[in-house]
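The values are calculated or read from the model by the stated rules, or taken from the named source; none is laboratory data. Predicted model, so just to flag it, every value in this text is computed and none were measured. Quick reminder, even Gly has a Cβ in these numbers, built from the backbone with ideal geometry, and neighbours come from all protein chains shown.
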Amino acid sequence: MNREKVVFSFFMILALTLNFGFFAGSVDNPEHHNVYELYAVVIVNLIATILKFGDRSQMGAMLLATSLVALVQLLSASLVWAVAVHVNETGLTPNTMATIVSLSGGAMVANIISVVLLIIETAMMRH
Amino acid sequence: MSVVTSIILRQMRAPFIILIMGYSIAILGMVLTPGIDDQGNEWHMSIFDAIYFVSYTATTIGFGEIPYPLSSAQRMWALVTIYVTVTSWFYALGKTLSLIQDPTFREALTKNTFSRNLKKINESFILICGFGETGTALAHALTERNIRAVIIERDNDKLQTLPLADFPVFVPGIQGDARDPEQLIRAGLQHKKCAAIIAVTASDETNLKIAISSKLLNPKICVICRSELRDFEENMFSFGTDFVINPFQTFANIFAMAMHSPSLHLLYDWLTGVPNTSLTNPVYIQEGHWIICGFGRFGQSLYKQLIRYETPVTIIDPSEAKREKFLNKPENKNNDFIIGSGFDAHTLKLAGVEEAAGLISGSDNDSNNLSIIMTARELNPELFTVARQNKKANEKLFIATHANILMQPSEIIARKIRTLLNSPLMIAFLNKARHQDPEWANIAISRLSGVLGEERPNIWTISVTKKEAKALHLTLNLGRVIRVGNLLQDPRARENSLKSVALLLKRNNKLLLMPTDDIAIKADDQILYCGTPVAERSMKWTLNDIHSLNYIMTYEDTPDSFVWRKLHSYIKRNDRRRRPRAQRHLDHSKKH
């Protein structure tokens with residue numbers, strides 16, 4: 001067992017599961033989406049991205065790209081949140097909430113691709 | 001992704017992760033810890049506030065406790081925040097610094113810089129393998145002629161001297177073993193602007209390997225090799241190495257030239273030396289009995305040249321085996337072979353140093369050579385001495401012995417390669433000159449010194465092609481006759497002549513030595529000139545600038561711009577109308 005692989009896969013799958021946790025629920029209802037969960041998703045995604053740094057293989061490049069996409073989506077979601085609550089002080093209207101959740105939904109797609117790639121790579125290792 | 005970025009990213013993974021962990025824990029703690037607002041109610045920082053607070057705390061900016069003064073619980077957590085985040089920053093910075101100092105990283109960085117520099121070169125360059133004495137001398141000679149050079153050297157210490165050497169053009173260098181084809185390619189062997197490769201490492205075997213790799217990997221380029229052993233030399237030629245230079249053979253040839261035709265030797269020295277240095281005086285080598293100390297590659301090459309002119313020779317060498325071999329050959333029966341080293345007076349006296357005309361100290365040990373010269377000089381102050389100097393560092397010592405001729409292998413190779421690369425026609429000239437009688441050389445010398453004065457001339461070749469001599473080519477195509485002598489006129493004042501002499505004219509593989517002024521130039525001719533740098537510049541001016549050429553040939557100066565051209569032709573038309581018919585007819589015929 002390769003410890004590096006365990007850590008690597010752990011963070012990638014955690015990024016996906018947390019992302020799903022935040023995404024699940026009614027799209028415009030702030031009650032269904034926890035800010036701390038978004039925070040955790042961002043942190044875990046950041047770590048997953050950094051773990052993918054410096055791998056020169058084609059697969060490594062794809063994994064890094066998906067992580068970067070997820071990160072961009074999640075950071076825009078947090079930015080929307082921060083602007084709505086702290087700058088405009090309009091609070092989490094259904095409209096804002098829908099934007100945040102759909103952005104995180106995009107990130108989730110990227111995370112799914114990431115995990116699928118990981119599984120493919122692992123499956124290929126068998127041979 | 002380049003190797004360098006890849007290394008940076010991989011090495012910085014851990015510090016980044018630690019930073020993110022530290023920040024996320026600190027931010028989370030800050031959000032969860034209760035505080036009190038200005039109304040005395042319980043208050044929690046939002047994530048946004050916490051990120052703001054932790055960011056300025058971690059970077060030690062410290063804006064203070066905003067928006068409300070922190071509660072004790074929050075202050076406690078702030079302490080944790082400070083220690084955790086500031087330490088992670090220190091760790092990250094330390095890691096960055098150690099990465100910069102890491103030898104692997106530095107190597108990757110220099111290689112990266114080298115390939116970037118190599119990619120940027122867009123003029124033809126010459127790849128020099130080996131940055132020893134010869135390589136350094138060559139790099140200087142090439143860059144002074146504005147030829148780009150690239151260096152590959154195995155020894156990193158030697159390569160470190162590269163940035164200190166003061167080259168007029170930037171010379172990129174890479175550390176690598178030239179025997180490895182991969183490294184040669186990295187050094188630019190297959191670069192489309194690589195014109196030649198010069199193998200001047202100390203080992204013949206390495207040079208041979210370089211020659212093979214070059215011929216296989218890039219057959220177009222010119223390969224020049226240094227070789228000191230016959231076997232390697234033949235091997236190198238066998239697969240098409242363009243030039244193989246044996247310093248001992250080369251020196252022996254020059255020595256023979258100096259011995260039998262001093263003026264030809266002087267001519268050779270003037271034309272192949274470093275330009276713009278002062279001229280040397282001719283060397284007169286006495287005929288008579290010669291002694292050779294050290295019968296290695298150097299001694300043998302010189303011996304062959306000496307016996308060609310039936311000079312009596314005595315050899316001193318410590319090797320018994322060499323003596324056996326020497327005495328067994330019938331052509332050596334007139335000459336003596338004494339066993340000994342030569343630096344003791346006894347052996348030298350035995351060899352007849354007191355009556356000898358000259359002595360060659362040619363062992364591969366500099367201390368022995370110095371000692372031989374000094375002992376021999378004491379026994380016979382009139383002796384003509386030739387010393388072989390193996391190490392550049394000993395130059396001062398050898399100069400102090402006042403040996404009449406100093407033989408430095410690296411200098412000889414550098415001179416030969418410089419001549420080869422600067423002006424290929426020069427080799428043809430020297431080969432042809434060698435077969436002329438001494439009288440011819442005397443005339444050539446007096447002509448050169450009359451025109452050039454006291455300095456070694458610059459050598460340049462002009463090719464009468466559209467690309468290199470635009471104006472001249474154009475004018476010749478119009479059917480006008482321009483002679484060799486015309487080009488020697490000064491384009492600033494045509495009655496003055498440039499300080500320059502035409503040495504050789506090449507036309508369809510025919511060579512004409514010292515072409516006289518009245519020979520008409522034809523398109524695609526190549527002419528070798530020597531002269532002052534000013535003369536070279538002026539001549540290039542004449543070749544490419546139609547106005548200068550017109551001026552020299554006393555042709556009419558034609559205006560360039562549109563308005564002037566119109567005005568000019570208008571004036572000319574009027575002018576012609578006013579002149580009588582006969583004159584007009586003359587004008588007309590002249591034009592065709």
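The condition of being within 24 Å of A:Ala82 (Cα to Cα) and more than 9 Å from chain A (Cβ to nearest Cβ) holds for B:Thr59. Of the residues screened, B:Ser88 is not one that is closer than 30 Å to B:Ile198 by Cβ and not aromatic (Phe, Trp, Tyr). Filtering region A:48-64 to residues that are part of a helix (DSSP H, G or I) and of a type outside the set (Gly, Ala, Ser) leaves A:Thr49, A:Ile50, A:Leu51, A:Gln58, A:Met59, A:Met62, A:Leu63, A:Leu64. Check region A:57-66 and report whether any residue there is within 14 Å of chain B (Cβ to nearest Cβ), farther than 16 Å from B:Ile20 by Cα and surrounded by 18 or more Cβ atoms within 10 Å (Cβ to Cβ). Yes, the conditions are met somewhere in region A:57-66.
Restricting region A:16-47 to residues that are in a helix (DSSP H, G or I) and of a type in the set (S, T, N, Q) leaves a set whose member that is nearest to the other protein chains (Cβ to nearest Cβ) is A:Asn45.
Taking each residue of region B:208-227 that is more than 11 Å from B:Ala195 (Cα to Cα) and looking for partners that are surrounded by fewer than 23 Cβ atoms within 10 Å (Cβ to Cβ) and among the charged types (D, E, K, R) with beta-carbon atoms closer than 6 Å, six or more apart or interchain, yields B:Lys209/B:Arg179; B:Ser227/B:Asp204; B:Ser227/B:Glu233.
Every condition in (1) in a helix (DSSP H, G or I); (2) surrounded by 13 or more Cβ atoms within 10 Å (Cβ to Cβ) is met by B:Pro69 except one, and the failing one is (1). If we scan region B:11-26, do we find a residue that is farther than 18 Å from A:Ile43 by Cα and either hydrophobic (A, V, I, L, M, F, W, C) or within 14 Å of chain A (Cβ to nearest Cβ) (or both)? Yes; the residues of region B:11-26 include at least one that is farther than 18 Å from A:Ile43 by Cα and either hydrophobic (A, V, I, L, M, F, W, C) or within 14 Å of chain A (Cβ to nearest Cβ) (or both). Taking B:Gly64, is it away from chain A (no Cβ under 11 Å) and modelled with pLDDT under 90? So B:Gly64 passes the test. The conditions of being surrounded by fewer than 14 Cβ atoms within 10 Å (Cβ to Cβ) and part of a loop (DSSP other than H, G, I, E, B) are not met by B:Gly94. One residue stands out in region A:65-103 among those that are part of a helix (DSSP H, G or I), touching a residue at least 60 places away in the same chain (Cβ under 8 Å) and not small (Gly, Ala, Ser): the one that is farthest from A:Asn34 (Cα to Cα), namely A:Asn95. Scan region B:328-345 and tell me whether some residue there is assigned to a loop (DSSP other than H, G, I, E, B), of a type in the set (Phe, Trp, Tyr) and at pLDDT below 85. Looking for residues that are assigned to a loop (DSSP other than H, G, I, E, B), of a type in the set (Phe, Trp, Tyr) and at pLDDT below 85, one finds at least one in region B:328-345, hence yes.
If you go through region B:1-10 and keep only what is facing chain A (nearest Cβ under 9 Å) and either touching a Gly at 6+ places or on another chain (Cβ under 7 Å) or β-branched (Val, Ile, Thr) (or both), you end up with B:Val3, B:Thr5, B:Ser6, B:Ile7, B:Ile8, B:Leu9, B:Arg10. Checking every residue in region B:136-151 against the condition of being at positive phi, more than 13 Å from the chain's Cα centre (by Cα) and in the same structural domain as B:Asp231 (by TED's automatic domain parsing) gives zero matches. Is it fair to say A:Gly106 is touching a helix residue (DSSP H, G or I) at 6+ places or on another chain (Cβ under 8 Å), assigned to a helix (DSSP H, G or I) and either within 25 Å of A:Ser26 (Cβ to Cβ) or free of Cβ contacts under 8 Å to residues at least 60 places away in the same chain (or both)? It is true that A:Gly106 is touching a helix residue (DSSP H, G or I) at 6+ places or on another chain (Cβ under 8 Å), assigned to a helix (DSSP H, G or I) and either within 25 Å of A:Ser26 (Cβ to Cβ) or free of Cβ contacts under 8 Å to residues at least 60 places away in the same chain (or both). Testing B:Thr419 on (1) over 21 Å from B:Leu267 (Cα atoms); (2) under 27 Å from the mean Cα position of the chain (by Cα), one condition comes back false. Which one is that? Tallying (1) over 21 Å from B:Leu267 (Cα atoms); (2) under 27 Å from the mean Cα position of the chain (by Cα), B:Thr419 fails exactly one: (1). Select from region B:34-44 the residues that are within 14 Å of chain A (Cβ to nearest Cβ) and touching a residue at least 24 places away in the same chain (Cβ under 8 Å) and list them in ascending order. Listed by number, the list is empty, since nothing qualifies.
Take the residues of region B:272-319 that are crowded, with 17+ Cβ neighbours inside 10 Å and of a type in the set (Ser, Thr, Tyr): which is nearest to B:Leu138 (Cα to Cα)? Looking at the filtered set, the residue picked out is B:Thr272.
Report yes if some residue within region B:491-498 is over 26 Å from the mean Cα position of the chain (by Cα) and crowded, with 20+ Cβ neighbours inside 10 Å; otherwise report no. Taking every residue of region B:491-498 in turn, at least one turns out to be over 26 Å from the mean Cα position of the chain (by Cα) and crowded, with 20+ Cβ neighbours inside 10 Å.
Checking each residue in region B:45-54 for being more than 9 Å from chain A (Cβ to nearest Cβ) and not in a helix (DSSP H, G or I) picks out only B:Met45. Scanning region A:15-37 for residues that are of a type in the set (A, V, I, L, M), surrounded by 15 or more Cβ atoms within 10 Å (Cβ to Cβ) and more than 9 Å from the chain's Cα centre (by Cα) gives A:Val27, A:Val35.
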